[in-house]
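K.L.:
One structure, as structure tokens, below. Some questions next.
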Amino acid sequence: MEIIPAIDLIGGKCVRLSQGDYSSKKEYHDDPVEMAKRFEDAGISRLHLVDLDGAKAKKIMNGEVLRNISNQTSLRIDFGGGIQADSEIQKAFDFGASQVTGGSVAIKNRPLFEGWIERFGAESIILGADAKNRKIAVGGWEETTEVDLIPFIKDFASKGIKYVICTDVAKDGLLQGPSLDLYREILQEIPDVNLIASGGVSSVEDLENLQKIGVYGTIVGKAYYEGRVSLDQLAAFNS
């Protein structure tokens with residue numbers, strides 16, 4: 001299992017939200033580039049970088065942070081947040097993203113998203129499947145659709161998607177444990193997808209449990225920032 005630390009950005013700074021609620025913002029004083037270097041120095045190779053300003057604006061707002069991290073580290077960065085146009089996804093790759101995560105666009109402009117899979121390749125595009133009560137949530141989780149989570153993932157897997165980040169919004173940022181039953185069900189239904197779990201991790205035990213059920217990777221944010229797991233503990237999963 002690959003550990004993928006998260007850096008969420010508002011105004012160019014590292015923040016964490018709880019359940020996608022912008023009013024719950026907690027700001028961390030570390031510079032995002034220095035934070036990324038710290039992850040790299042610990043032996044971590046991937047980074048999940050989310051432009052929360054972009055998720056609201058529906059366009060990239062923290063591109064310079066992406067560019068600076070890409071230029072100053074060798075981390076493979078998956079980048080998301082507000083990418084809903086050809087010009088924006090191209091900008092993300094030009095700024096140094098290795099992969100781009102699309103969530104809202106996969107619901108609201110499916111032909112465009114499917115075109116990205118064909119144009120950039122399935123290795124470069126991640127499906128963001130964020131859910132509230134097993135229904136897809138979009139727009140920075142401010143809008144819940146009537147689209148069922150597992151059929152949604154299964155449908156895109158049939159279109160060639162290989163990587164899926166699934167966040168249970170009810171768990172995110174609360175440090176109450178991940179949605180193991182949900183991830184187990186997804187893996188049973190869609191065994192060929194590389195499932196990346198996100199949300200709820202609070203301890204090394206949570207990571208061990210996710211590893212046991214067979215997820216491809218796990219995104220870790222608040223658990224690290226709040227001191228629940230150390231960098232050494234995270235890096236040990238990648239060794």
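The values are calculated or read from the model by the stated rules, or taken from the named source; none is laboratory data. Bear in mind that the values here come from a model prediction, so they are computed numbers and not experimental data. Backbone-built Cβ (ideal geometry, glycine too); neighbour counts: all protein chains shown.
K.L.:
From the list Gly221, Gly173, Gly227, which one is of a type in the set (Gly, Ala, Ser), farther than 24 Å from Val138 by Cβ and at pLDDT below 95?
P.N.:
Gly227
Yes/no per residue for (1) under 25 Å from Leu66 (Cα atoms); (2) within 17 Å of the chain's Cα centre (by Cα); (3) modelled with pLDDT under 95; (4) β-branched (Val, Ile, Thr):
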{"residue": "Lys91", "(1), (2), (3), (4)": "yes, no, no, no"}
{"residue": "Ala97", "(1), (2), (3), (4)": "yes, yes, no, no"}
{"residue": "Gly103", "(1), (2), (3), (4)": "yes, yes, yes, no"}
{"residue": "Leu112", "(1), (2), (3), (4)": "yes, no, no, no"}
{"residue": "Glu118", "(1), (2), (3), (4)": "yes, no, no, no"}
{"residue": "Ile125", "(1), (2), (3), (4)": "yes, yes, no, yes"}
{"residue": "Val138", "(1), (2), (3), (4)": "yes, yes, yes, yes"}
{"residue": "Val147", "(1), (2), (3), (4)": "no, no, yes, yes"}
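K.L.:
Enumerate the pairs (first residue in segment 107-133 and closer than 12 Å to Ile83 by Cβ; second residue anywhere and part of a helix (DSSP H, G or I)) with beta-carbon separation below 7 Å, excluding pairs fewer than 6 apart on the same chain, so at least 6 apart or on different chains.
P.N.:
Sorted first by the residue in segment 107-133, then by its partner, the pairs are Leu112/Val105; Phe113/Val105; Phe113/Ala106; Trp116/Ile89; Ile125/Trp116; Ile125/Ile117.
K.L.:
Taking into account only those residues within segment 51-60 that are touching a residue at least 40 places away in the same chain (Cβ under 8 Å) and aliphatic (A, V, I, L, M), which is surrounded by the most Cβ atoms within 10 Å (Cβ to Cβ)?
P.N.:
Ala55
K.L.:
While we're here: So, Ser87, is that one hydroxyl-bearing (Ser, Thr, Tyr), modelled with pLDDT of 95 or more, part of a helix (DSSP H, G or I) and surrounded by fewer than 22 Cβ atoms within 10 Å (Cβ to Cβ) or not?
P.N.:
So Ser87 fits the description; yes.
K.L.:
What about Lys108, is it basic (Lys, Arg) and over 29 Å from Leu210 (Cβ atoms)?
P.N.:
Yes: the conditions hold for Lys108.
K.L.:
Go through segment 15-58 and give me each residue that's in a strand (DSSP E or B) and either over 25 Å from Glu88 (Cβ atoms) or at pLDDT below 85 (or both).
P.N.:
If the condition is that a residue be in a strand (DSSP E or B) and either over 25 Å from Glu88 (Cβ atoms) or at pLDDT below 85 (or both), then Val15, Arg16, Leu17, Ser18, Asp21, Tyr22, Ser23, Ser24, Lys25, Lys26, Glu27 are the ones that fit.
K.L.:
State whether one or more residues within segment 209-217 are within 25 Å of Val105 (Cβ to Cβ) and assigned to a loop (DSSP other than H, G, I, E, B).
P.N.:
The answer is yes, given that some residue of segment 209-217 is within 25 Å of Val105 (Cβ to Cβ) and assigned to a loop (DSSP other than H, G, I, E, B).
K.L.:
Tell me yes or no: at least one residue of segment 35-50 is in contact with a helix residue (DSSP H, G or I) (Cβ under 8 Å, 6 or more places away or on another chain) and over 23 Å from Leu207 (Cβ atoms).
P.N.:
Checked segment 35-50: no residue is in contact with a helix residue (DSSP H, G or I) (Cβ under 8 Å, 6 or more places away or on another chain) and over 23 Å from Leu207 (Cβ atoms).
K.L.:
For Pro111, which of the numbered conditions (1) surrounded by fewer than 16 Cβ atoms within 10 Å (Cβ to Cβ); (2) in contact with a Lys or Arg (Cβ under 8 Å, 6 or more places away or on another chain); (3) not in a strand (DSSP E or B) fails to hold?
P.N.:
Condition not satisfied by Pro111: (2).
K.L.:
Pairs needed: first member in segment 155-166, outside any helix (DSSP H, G or I); second member anywhere, among the acidic types (Asp, Glu); C-beta distance under 6 Å; at least 6 residues apart or different chains.
P.N.:
Listed by first residue and then by second, the contacts come to Lys159/Glu114.
K.L.:
Determine which member of the set Asp206, Asp148 is surrounded by fewer than 17 Cβ atoms within 10 Å (Cβ to Cβ) and farther than 25 Å from Pro32 by Cα.
P.N.:
Unique residue meeting the criteria: Asp148.
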